[in-house]
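> One structure follows; several queries about it will come next.
The values are calculated or read from the model by the stated rules, or taken from the named source; none is laboratory data. Note that the structure is a prediction, hence the values are computed from the model and not measured. Cβ: placed from backbone, ideal geometry, glycine included. Neighbour counts: every protein chain shown.
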Amino acid sequence: MWVRGAGRGPRRVNTSKGHTVEIIGVIIAGIIIGLLGKFVAPGDKDNIPIWLTILCGIGGVIIGWFIYSAFGGNGSNGVDWVRWIVAIVVAAVLVVIASTLTGRNTAKRL
């Protein structure tokens, strides 16, 4: 983790507890984002297993945050809603891909 010292610029701080909290946070956010992604995905996506939904959510959080940062997103003082919306959209895309790849997509194809 990088912290800013008093007038000395950023410096590296070794916090293993911080990494554990981040991993747990990503898993919890992945569960929520995966379920939201499944909800907003078009078609009937209720046939994919919950573990796959959670993996899509975790992937949505990680990839969504990367995409958000790549386009200049740098966070805000409060809740950064745009970053979470990007994560939900990415999770929805991953749910659609997972549903298609597992052959459990029951939506009608034209």
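> So, in segment 1-46, of the ones that are basic (K, R) and at pLDDT 55 or above, which residue ends up nearest to the chain's Cα centre (by Cα)?
Going through the qualifying residues, I end up with K38.
> Next question. Suppose we filter segment 78-110 for residues that are modelled with pLDDT of 75 or more and part of a loop (DSSP other than H, G, I, E, B); how many remain?
Result for segment 78-110: 2.
> Any chance segment 53-65 includes a residue that's more than 16 Å from V96 (Cβ to Cβ), buried (at least 20 other Cβ atoms within 10 Å of the Cβ), of a type outside the set (A, V, I, L, M, F, W, C) and modelled with pLDDT of 75 or more?
Checked segment 53-65: no residue is more than 16 Å from V96 (Cβ to Cβ), buried (at least 20 other Cβ atoms within 10 Å of the Cβ), of a type outside the set (A, V, I, L, M, F, W, C) and modelled with pLDDT of 75 or more.
> Is there a residue being over 19 Å from I23 (Cα atoms) and touching a Cys at 6+ places or on another chain (Cβ under 7 Å) anywhere in segment 70-93?
No: segment 70-93 contains no residue that is over 19 Å from I23 (Cα atoms) and touching a Cys at 6+ places or on another chain (Cβ under 7 Å).
> Search segment 86-110 for residues that are more than 9 Å from G37 (Cα to Cα) and pair each with any residue that is at pLDDT 80 or above and not hydrophobic (A, V, I, L, M, F, W, C) when their beta-carbon atoms are under 7 Å apart and the residues are at least 6 apart or on different chains.
From segment 86-110, the pairs are V86/G64; V86/Y68; N105/S99.
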